[in-house]
Structures are given as structure tokens and as C-alpha cells.
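Enquirer: Okay, here's the structure, questions in a sec.
All of the numbers you see were taken from the coordinates with simple rules; none came from a lab. Remember, it's a predicted structure, so these values are computed and weren't measured experimentally. Ideal geometry is used to build each Cβ from the backbone, glycine not excepted, and the neighbour counts take in all protein chains shown.
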Number of protein chains: 2
Amino acid sequence: MTFLDEGFQPFGGAIWLEDTFVYQSGVPHMSLPPLSHRAQKTPASPIRRLAGLAQAAEERGTKVYRLNIGQPDLLSPREFIDGIARYNEQVVAYETSQGNRALIEAWSESLNAQYGIGVSEQQMLITMGASEALIFTFMVCCDPGDEILIFDPTYANYIGFSAISGVRLVPLPCSIERKFPIPTRAEIERFISPYTRAILLCNPNNPTGTVATDEELRMLLDVCRERDLYLIVDETYREFVYDGRLPRCILELAGKDPRVVVIDSLSKRFSLCGARIGCMITWNEEVRKAAFHIAQARLAAPTIEQSAAAHMIRTVSSDYVASAHAEYLSRRNAAVDALSKISGVVTHAPEGGFYLLAKLPVVDAEDFAQFMLTDFSYQGATTFVAPAAGFYMRREDGLSTIRIAFVLKESDTREAIRILGEGLAAYNQGTGRR
Amino acid sequence: MTFLDEGFQPFGGAIWLEDTFVYQSGVPHMSLPPLSHRAQKTPASPIRRLAGLAQAAEERGTKVYRLNIGQPDLLSPREFIDGIARYNEQVVAYETSQGNRALIEAWSESLNAQYGIGVSEQQMLITMGASEALIFTFMVCCDPGDEILIFDPTYANYIGFSAISGVRLVPLPCSIERKFPIPTRAEIERFISPYTRAILLCNPNNPTGTVATDEELRMLLDVCRERDLYLIVDETYREFVYDGRLPRCILELAGKDPRVVVIDSLSKRFSLCGARIGCMITWNEEVRKAAFHIAQARLAAPTIEQSAAAHMIRTVSSDYVASAHAEYLSRRNAAVDALSKISGVVTHAPEGGFYLLAKLPVVDAEDFAQFMLTDFSYQGATTFVAPAAGFYMRREDGLSTIRIAFVLKESDTREAIRILGEGLAAYNQGTGRR
């Protein structure tokens with residue numbers, strides 16, 4: 001099993017990291033066809049380079065606590081593994097482009113049971129993770145040059161999807177000092193242009209942990225209704241809300257509003273990141289037909305995981321998610337408590353998800369994160385955090401900030417953050433590299 | 001197990017086929033955000049509508065021989081199913097963005113053993129089928145408005161990929177009467193414009209069955225070298241060549257030429273369409289880095305199928321592909337022989353792949369294909385063929401043509417085509433619907 005941050009780095013960073021372009025001998029020296037502009041604009045993962053450094057630290061014998069990664073360590077449901085074992089077709093045939101029917105039925109039934117939203121097969125399209133659902137949604141709702149409003153910082157891969165699809169993400173700045181609130185209606189309206197097609201909300205938010213209130217969700221819906229915009233809500237972390245908040249699906253408030261597109265995923269809820277099963281849910285028939293045509297072009301999502309997921313959703317106990325929720329809550333509390341003991345750190349308890357952002361008393365958090373991997377260890381161990389600048393459209397707003405994923409068990413989380421504090425002290429006293 | 005053409009139609013066409021857009025009650029009647037132009041341009045599958053008719057015919061008790069479908073009925077290798085059973089991780093974690101290392105090693109070693117092309121992990125990126133590899137390649141090599149030359153007719157989904165990526169496919173007409181030859185250098189050069197970025201070749205070809213000779217491949221390479229173009233070669237059907245031809249990988253001729261991008265897939269070779277495992281191979285470091293950045297944005301391809309495929313490639317006997325080859329050859333011969341007995345049909349034995357095109361003595365092959373499903377049966381059976389117009393960029397060139405996939409066992413293929421002949425006679429004598 002590999003623990004790579006969201007699939008970012010290849011082979012621990014060992015293979016594709018060289019930056020030299022030396023064409024092989026034996027090829028005539030003619031000029032080469034150009035790379036597309038969009039390819040040049042598609043960003044590399046913000047943590048790709050550091051992953052290689054973490055591997056090098058481990059090879060030197062340093063224990064590395066990986067708080068950089070969004071890969072849960074919780075065991076996947078036994079029911080999914082059973083579902084894999086139950087797959088017994090002799091021809092691994094294409095699934096339909098819309099997705100495995102049993103999976104769609106089971107998933108929609110479970111959503112209806114929990115949220116009372118009354119969706120059926122007609123509203124759902126199964127995709128290769130939330131990623132593919134988001135790419136389809138960007139392509140269907142926007143042409144190149146169109147704009148989507150996002151709240152900044154944002155999930156780094158939204159920036160990649162925008163480069164692929166030619167969509168311009170327009171960032172509304174949200175500050176860590178104010179605990180990353182959803183912007184007000186007036187703030188949002190100031191950013192709407194004739195090119196705006198949608199507002200994209202990740203709720204609960206990766207990386208900020210902000211969970212929108214019902215009033216905020218209604219305000220976003222109102223703005224979209226008044227200004228003819230799509231409201232795209234990525235609910236990958238829907239169940240992971242804390243402090244008495246209740247999980248909320250936007251469709252509870254939006255009903256059958258055709259402006260709303262929900263992105264969902266089994267990856268985090270069931271610790272099934274590698275199964276790559278997501279979906280797109282919308283009552284907008286034009287949108288889902290257009291997305292379906294794109295889905296036809298790529299034929300189908302993988303057959304076996306869909307079959308196993310259908311079995312899992314039908315049979316897994318609700319205890320699974322409840323227990324994952326309790327685990328993340330205890331890890332969140334441990335992380336926030338440990339961070340509160342380091343002077344100069346600005347952070348707050350995230351309302352949901354399993355990430356938090358923390359502003360450090362450093363000028364360049366990427367340099368500090370690198371220092372932790374290359375020049376520092378404490379009792380044989382160090383801590384790997386993700387510099388957050390790559391999550392900011394306005395990079396300058398995030399230069400001092402790191403993202404922490406609380407995906408390690410409570411005691412490891414505490415120890416990792418204690419080491420982070422020791423590293424900060426060494427870095428700022430110049431006893432480290434600088 | 002479902003036998004749906006390349007994942008095209010949802011649920012046998014029963015669910016998403018309605019053409020009415022009636023928004024649900026309870027939603028205020030405001031105007032709606034528009035659908036993107038590219039979504040409107042992404043074509044539906046050329047056979048989607050007919051799939052519903054085939055299902056209806058079966059529900060009336062008619063046996064339907066499905067020659068429309070590109071889903072092999074050959075059993076997947078036992079070694080793949082074993083590979084699934086051997087997967088025993090407790091956390092289904094993200095695979096790396098580049099792909100499962102063991103799979104890349106096994107795949108590159110098998111390519112090197114067979115073709116001596118010396119590729120390693122550095123040249124390969126695992127994708128969700130050849131489809132995703134092609135989408136990545138279009139995006140990396142072309143910006144919206146750029147052009148790719150294709151030989152017309154072409155694989156219908158290339159048209160979908162072009163709509164998604166904003167790339168303009170420029171069709172070079174190839175005629176069935178001349179057996180769909182690769183166009184000459186002069187013909188190709190006439191279509192190259194300042195916007196041309198690549199030539200895309202499917203070799204062996206879906207849907208024409210044409211296999212390029214070494215001279216033709218060298219000519220294409222020369223043109224690309226001289227005019228600074230990429231040469232994209234989709235080798236999904238590489239091993240299925242007949243009549244003494246030998247499987248040929250373009251890299252045998254191109255060496256390490258950075259202009260060449262190879263698209264490969266396990267789907268057809270190993271009857272693993274549903275596993276969705278393809279790859280992109282290129283010596284061009286800029287191209288593969290850019291593709292890798294896009295791959296990072298979608299995180300990773302599914303974990304379990306990749307793990308099983310690695311096991312399969314390491315353990316499967318070469319007899320598997322040899323036996324699939326022999327089976328398709330016998331089906332091809334049966335199909336061509338049976339078609340030769342129907343007067344007025346223009347076709348020829350395809351040199352490779354498992355499709356053929358046949359021009360029928362009808363004005364509108366789609367109308368005829370529909371007639372076969374709605375108004376005709378012969379001793380309780382009928383034949384489902386794909387109208388080929390959707391495979392032609394210049395639709396008017398393909399209005400009388402059908403695509404036949406020889407994916408049924410030899411005796412069924414013969415019977416299905418005999419019924420096709422009976423249907424043609426009825427259709428043209430007006431004893432059918434018209």
C-alpha cells in the first residue's frame with residue numbers, strides 16, 4: 001500500500017522529476033511540434049517536489065510523519081473487499097456509460113434515506129472519482145474563457161481542471177484570520193461578470209474546513225437564481241462535520257432546481273480513494289445529457305470497482321461512517337490542541353473535513369516545509385506538511401501557510417505537531433539550514 | 001454481464017433517451033444558465049438510439065444478433081481474475097498518478113520482448129483506457145482551434161474527444177471502393193495548414209480494418225518530421241492483423257523520435273474492456289510531463305484493476321492472444337464470405353482489427369438498420385448493425401454504409417449476415433415498412 005498524497009507523485013518522486021529536456025541521440029535535429037498552451041498552464045502538484053525529499057529523508061533513516069497527505073489510513077469497508085471477491089463475470093465487459101445500475105440505485109436510495117432528496121437513476125452519472133465529475137461539469141457548464149467563482153484558498157486540483165477546460169477561476173479571497181468565512185452576498189456580487197457561469201463550493205471545504213450554514217447556502221442559491229448561474233457543490237466530505245453540525249446536502253435546500261450540480265464521491269467517506277468512484281447529481285436534464293455524451297466518448301468507468309461499490313452500499317453498516325467521523329474528530333482536536341502550543345501559529349478548529357490550514361511565523365512556508373525534510377530531525381523523526389501556496393489562486397495570500405491533513409492516529413498527530421514546533425524554533429533561530 | 005456497444009447506451013437505452021426538457025414544478029420560472037457550446041457540439045453515440053430498439057425487439061421475443069458491438073465475447077484471461085482475487089490491501093489507496101509501477105514494468109517488458117523498442121517506465125503513463133490517453137494527448141498537443149488530420153471514416157469517439165478538447169479534426173476522405181487505403185503523401189500534404197499539429201492514425205483501423213504498411217508508416221513519419229507534427233498512433237488492435245501481416249509497433253520504425261505518441265490498451269487484446277486500462281507511450285519528455293500534470297489533476301486511475309493487470313501480464317501465456325487472433329480470423333472470413341453472397345454489397349476483407357465496413361444497396365443505412373430492429377424478423381431473429389455515418393466526419397460519404405463487428409462465433413456470424421441479406425431484400429422490395 002502506498003501513501004502518496006492524492007496520487008500526486010510518481011514512484012515517490014524518483015522517476016519523473018528531472019527538469020532537463022535532452023532528446024535522445026539518433027533523432028535528426030529538426031524542430032519539434034510545440035506543446036499546447038493549456039498543457040503549459042496545467043500546474044504540477046504543489047507538493048510533488050517535496051515528496052521526493054520525504055522519500056530521501058526516509059532513506060536516511062528518519063521517520064517521517066506525513067501530515068501532507070489526503071489519503072486516509074482508515075481501513076476500507078470489509079463489504080467493499082467482499083464485493084470485489086464476489087465479482088465473478090468471465091468477461092470483464094464495459095459498464096454502461098452512465099454507470100452500474102445497481103450502484104446508482106443503491107447510492108440514490110442511501111442519499112434519499114439520509115437526506116430525503118428524492119433522486120433516482122435519472123439524476124445520476126457515475127464518474128471516475130469526483131475529479132472526473134468536476135471535469136465534466138466544467139466542460140458542460142463553461143466554454144473556454146468563461147468564469148467560475150471560487151473561494152480562495154481552494155482545492156488545488158480545481159486549478160488543474162480549469163487549465164484543462166480553459167475555464168477561468170475567479171478567486172474571492174477568504175482570510176485565515178477571519179476563519180475563512182463564506183463571502184457575503186455583496187462580496188460575491190462584486191466578482192460576477194458577464195462571463196461568470198457558476199459558483200463552485202466545496203462543502204465541507206478542502207483545504208479550509210469551512211462548512212457553509214443553511215443561510216449561506218440559501219444565499220448562494222439566491223444569487224445563482226438571480227444571476228442565472230450554476231451552483232456546483234462538491235460534497236466529497238459531506239459527513240465529516242463537527243461540533244453539533246449536521247451533514248447537509250445542498251439538494252435538501254435546492255429541491256429540483258436545475259441550476260444545481262452536486263459532486264459526490266465514495267473516496268473519503270469509505271476510505272476508498274483508489275476505487276475512483278464518484279458521481280454527478282443534477283435535476284438539469286440538459287446538463288446531464290451533455291455530460292452523458294462526454295461520458296460516452298470515454299466509454300465507461302471501471303467495471304469491477306463499481307460492482308463492488310454497489311454491494312458495499314447495500315450492505316455496509318452506518319457504523320462505518322460514524323466510526324470514521326469519531327476518529328477524525330479526535331484527530332482534529334489533537335491537531336488543534338497541539339498547534340495551540342506553538343507560539344506564532346494562526347489556526348482554528350475546522351468545522352468539517354479532515355484538513356486544516358495554519359499560518360506559521362515564517363516568510364516562506366515552502367522553504368520551511370523543505371527544511372523539515374532536508375535539514376531537520378528531532379529524535380530521529382520529522383514532519384511532512386504541504387505548503388499551502390498551491391491551494392491559493394492568489395499565491396501571495398498563502399506563502400506563510402501550510403495544509404495539515406489530520407489523517408494519522410491521535411498520538412501520532414500530537415507527536416508530529418510537537419516536532420513541527422521544534423522544527424519551527426530551529427528554523428527561526430537559524431540553527432537549521434538558514 | 002452486459003453486451004453494450006462500447007458502453008454507449010445507458011440501461012439498454014431505457015432511461016436517458018427522452019428528448020423533452022420539462023423542469024420540475026416547485027422551481028421558480030427564472031431563466032437558466034446556458035449549456036456550453038462544446039457540450040452542445042459533443043455528439044451522442046451514433047448507435048445510441050438503435051440500442052433501445054434492439055432491446056424492444058428482444059422484449060417482443062425476437063432474437064437479436066448483435067454485430068453492432070465492439071465488446072468481445074471472448075473470456076478475459078484467468079490470470080486477470082486471479083489478479084483481482086490476489087488484491088489484499090486493507091485500504092484501497094490511491095495509485096500514483098503515473099500508474100502502478102509493477103504494471104508499467106510488466107507492460108514495458110512485454111513490449112520490449114515482442115518489439116524490441118527499449119521503452120522503460122519513463123516513457124509510459126497509465127490511463128483509464130485508451131480513451132483517457134487520447135484525451136490527454138489531444139490536450140497536450142493541441143490548443144482549441146488547432147487541427148489534427150484523420151483518415152475518414154474514423155473511430156466515432158475521436159470526434160467526441162475533439163469536441164471536448166476544442167480540437168478540429170480534419171478528415172482526409174478514404175473510399176470503401178478503394179479499400180480505404182492510407183492517403184498518399186501528396187494527399188496528406190494538401191490538408192496540412194498552419195494550424196495542423198498532428199496526424200492521428202488508428203492502426204489496425206477501427207472501423208475500416210486497414211493496416212498501414214511499413215512504407216506508409218515511414219511516409220507518415222517523414223511528413224511529421226518535415227512539417228513539425230506529432231504522429232499519434234492508436235495501437236489498441238495491434239496484434240489483430242491477418243493474411244501474413246505481422247503486428248507492428250510504430251516505435252520499431254520511429255525509434256526515440258519525440259514526435260511520436262503511442263496509445264495502447266489492454267481492452268481488446270485481453271478482452272478486458274471493463275478494466276479501463278490503457279497507456280500513453282512517448283519519448284517526448286515535455287509531452288509526458290504535461291500529460292502527467294493533467295494526470296495529477298485527476299489523481300489516479302483505479303487501483304485494483306491495475307494491480308490485477310500487472311499480475312496478468314506477468315503470468316499470462318502468449319497462447320491467449322494467439323488464440324484470440326485465430327478466433328477473430330475465422331470470424332472475419334465467415335463474415336466476408338457471407339457478405340459476398342448478398343448482391344449489391346461493397347466490402348472487402350479487413351486487414352486487421354475486428355470490424356469491417358460494408359456499403360449496402362440502400363440510400364440510408366440508418367433507416368435500414370432501424371428497419372431491421374423494428375419491422376423485420378426472419379424465423380424469429382434479426383441482426384443489429386451499426387449505421388456507419390457516425391464514423392464519418394463527412395457524414396454524406398457514409399450514409400449507405402454499416403459497421404459490422406465480427407465478435408460473434410463463426411456460425412452465429414454466418415447466420416446473422418444471412419438474415420441481414422434477407423432483410424435487405426425485404427427492405428428493397430418494400431415488403432417491409434417502406
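Enquirer: If amide H atoms are built 1.01 Å from N in the plane of the peptide, which residues on other chains or at least 5 residues away come under 5 Å of the amide H of residue A:63?
Expert: Amide H neighbours of residue A:63: A:381, A:382.
Enquirer: Answer with one residue from B:106, B:416, A:254: the one whose Cα lies farthest towards the positive end of the charge dipole of the protein assembly as shown, charges on Cβ with Lys, Arg +1 and Asp, Glu -1.
Expert: A:254
Enquirer: Would you mind counting up the charge near residue A:304? Only other residues with Cβ under 12 Å from its Cβ, with Lys and Arg at +1 and Asp and Glu at -1.
Expert: Numbers: positive: A:86, A:276, B:276; negative: A:89, A:95, A:305, B:305.
Every neighbour counted, the sum reads -1.
Enquirer: Grab the beta carbon distance between residue B:31 and residue B:394, set R0 = 41 Å, and tell me the FRET efficiency rounded to 0.05.
Expert: Values: r = 37 Å, r/R0 = 0.91.
The value I calculate is 0.65.
Enquirer: Give the lysines reachable from residue B:341 as a straight Cα distance under 24 Å; neighbours fewer than 8 places away on the same chain don't count.
Expert: B:63, B:179, B:359, B:409
Enquirer: Right, another one. Mind checking the angle between helix A:410-428 and chain A's longest principal axis? C-alpha axes, 0 to 90 degrees, to the nearest 10.
Expert: The angle comes out near 50 degrees.
Enquirer: Now for a separate question. When Lys and Arg each count +1 and Asp and Glu each count -1, what net charge do the other residues less than 9 Å away from residue A:153, Cβ to Cβ, add up to?
Expert: Working: positive: A:394, A:403; negative: A:152, A:397.
Neighbourhood net charge equals 0.
Enquirer: Let me ask another. For peptide A:95-101, how many partner chain Cβ atoms fall within 10 Å of a residue's Cβ, on average? Could the numbers behind the result be given before it?
Expert: Values: counts 6, 12, 9, 6, 3, 1, 5.
That average works out to 6.
Enquirer: Of A:68, A:427, A:236, which is farthest on the positive side of the dipole of chain A, counting Cα position, with +1 on Lys and Arg Cβ, -1 on Asp and Glu Cβ, and the Cα centre as origin?
Expert: Projecting each Cα onto the dipole axis, the largest value belongs to A:427.
Enquirer: If the cut-off is 16 Å between C-alpha atoms, which lysines fall inside it for residue B:41, apart from same-chain ones fewer than 8 positions away?
Expert: Candidates past the 8-residue exclusion: A:289.
Enquirer: How large is log10 I(q)/I(0) at q = 0.04, 0.05, 0.07, 0.08 Å⁻¹ when the Debye formula is applied to the Cα atoms of the protein assembly as shown, each weighted equally and without solvent?
Expert: The Debye formula, applied to the Cα set alone, gives -0.17, -0.27, -0.54, -0.70.
Enquirer: List the equivalent ellipsoid semi-axes of chain A in whole Å, largest first, each obtained as the square root of 5λ for an eigenvalue λ of the Cα gyration tensor.
Expert: Numbers: eigenvalues 225, 135, 125 Å².
Result for chain A: semi-axes of 34, 26, 25 Å.
Enquirer: So, one more: Which values of log₁₀ I(q)/I(0), to two decimal places, follow from the Debye formula for the range A:78-315 at q = 0.10, 0.16, 0.17 Å⁻¹ with a uniform point scatterer at every Cα?
Expert: Cα-only, vacuum Debye calculation for the range A:78-315: -0.45, -1.15, -1.29.
Enquirer: Taking the Cα centroid of the range B:183-258 and of the range B:65-111, what is the distance between the two, rounded to the nearest whole Å?
Expert: 27 Å
Enquirer: Name the residue from A:97, A:144, A:157 whose Cα lies farthest towards the positive end of the charge dipole of the range A:78-315, charges +1 on Cβ of Lys and Arg and -1 on Cβ of Asp and Glu.
Expert: The Cα lying farthest towards the positive end belongs to A:157.
Enquirer: Looking at chain B, what % of its DSSP beta bridges pair antiparallel, to the nearest 5? Present the calculation step by step, with values, prior to reporting the outcome.
Expert: Numbers: 20 of 43 bridges.
About 45 percent, rounded to the nearest 5.
Enquirer: Follow-up. Using the crude model of +1 on Lys and Arg Cβ and -1 on Asp and Glu Cβ, and no other charge, please compute the dipole size for the range B:151-272 relative to its Cα centre, in debye to 20.
Expert: Working: 16 positive and 17 negative charges, 39 e Å.
So the dipole magnitude of the range B:151-272 works out to roughly 180 debye.
Enquirer: Which angle between 0 and 90 degrees, to the nearest 10, do you get for helix B:214-227 versus the longest principal axis of chain B when only C-alpha atoms count?
Expert: Roughly 60 degrees between the two axes.
Enquirer: Quickly work out the residue B:222-to-residue B:62 label distance, labels modelled 7 Å from Cα along the C-beta direction, and quote it in nm with one decimal.
Expert: Modelled inter-label distance: 5.2 nm.
Enquirer: Here's another thing I want to ask about it. What fraction, in whole percent, of alpha-carbon pairs in the range B:209-321 exceed 21 Å separation? Let's see the in-between values first.
Expert: Details: 3012 of 6328 pairs.
That fraction is 48 percent.
Enquirer: Translational D (Stokes-Einstein, µm²/s) of the range B:306-434 at 20 °C and 1.002 mPa s when Rh comes from the Kirkwood sum over C-alpha pairs? It would help to have the intermediate numbers written out before the result.
Expert: Working: Rh = 16.0 Å.
Value of D from the Cα-based Kirkwood radius: 134 µm²/s.
Enquirer: Okay, moving on. At most 14 other Cβ atoms within 10 Å and a DSSP loop assignment: could you name the GluC sites (Glu not before Pro) in the range A:350-434 that fit? Mind showing how you got there, number by number?
Expert: Working: sites: A:351, A:366, A:396, A:410, A:415, A:422; in loops: A:351.
Counting only loop positions with at most 14 other Cβ atoms within 10 Å, none of the GluC sites (Glu not before Pro) in the range A:350-434 qualifies.
Enquirer: Right, here's the next one. So, with +1 on the Cβ of K and R and -1 on the Cβ of D and E, and no other charges, what is the size of the charge dipole of the range B:175-220 about its Cα centre, to the nearest 20 debye?
Expert: On the way: 6 positive and 6 negative charges, 24 e Å.
So the dipole magnitude of the range B:175-220 works out to roughly 120 debye.
Enquirer: Helix-only estimate, please: 222 nm mean residue ellipticity of chain A, summing -39500 (n - 2.57) across DSSP H runs of length 4 or more and dividing by its residues, to the nearest 500. The partial results should precede the final answer.
Expert: Details: 14 runs with 167 residues, N = 434.
Calculated mean residue ellipticity at 222 nm is -12000 deg cm²/dmol.
Enquirer: Next up: Work out, step by step, the length gained on full extension between residue B:245 and residue B:75: first 0.36 nm times the residue separation, then minus their alpha carbon distance; give nm to one decimal.
Expert: Details: separation 170, 0.36 × 170 = 61.20 nm, distance 2.51 nm.
Stretched out fully, the residue B:245 to residue B:75 stretch lengthens by 58.7 nm.
Enquirer: Assign one of three labels to the range A:346-401, namely rounded, prolate or oblate, based on the Cα gyration tensor with a ≥ b ≥ c the square roots of its eigenvalues; rounded applies when a/c is under 1.5, prolate when it is not and a/b is larger than b/c, and oblate otherwise.
Expert: Numbers: a/c = 2.26, a/b = 1.37, b/c = 1.64.
Oblate is the answer for the range A:346-401, as a/c is 1.5 or above yet b/c matches or exceeds a/b.
Enquirer: Here's another thing I want to ask about it. Please figure out what share of the DSSP beta bridges in the range A:78-315 is antiparallel and state it in percent, rounded to the nearest 5.
Expert: Values: 10 of 29 bridges.
Of all bridge pairs located within the range A:78-315, approximately 35 percent are antiparallel.
Enquirer: Counting DSSP beta bridges with both partners in the protein assembly as shown, what percentage is antiparallel, nearest 5?
Expert: Values: 40 of 86 bridges.
Bridges in the protein assembly as shown that DSSP calls antiparallel: roughly 45 percent.
Enquirer: Could you give the distance between the Cα centres of the range B:130-165 and the range A:342-381, to the whole Å?
Expert: 43 Å
Enquirer: So, one more: Residue B:187 to residue B:113: FRET efficiency via 1/(1 + (r/R0)^6), r the Cβ-Cβ distance, R0 45 Å, to the nearest 0.05? Each step should come with its number before you reach the end.
Expert: Numbers: r = 37 Å, r/R0 = 0.81.
After rounding, the FRET efficiency stands at 0.80.
Enquirer: If you take each beta carbon of peptide A:267-276 and count the beta carbons of other chains within 10 angstrom, what is the mean? Write out the running numbers ahead of the final one.
Expert: Values: counts 3, 0, 0, 1, 4, 4, 8, 14, 6, 13.
Mean shielding count: 5.
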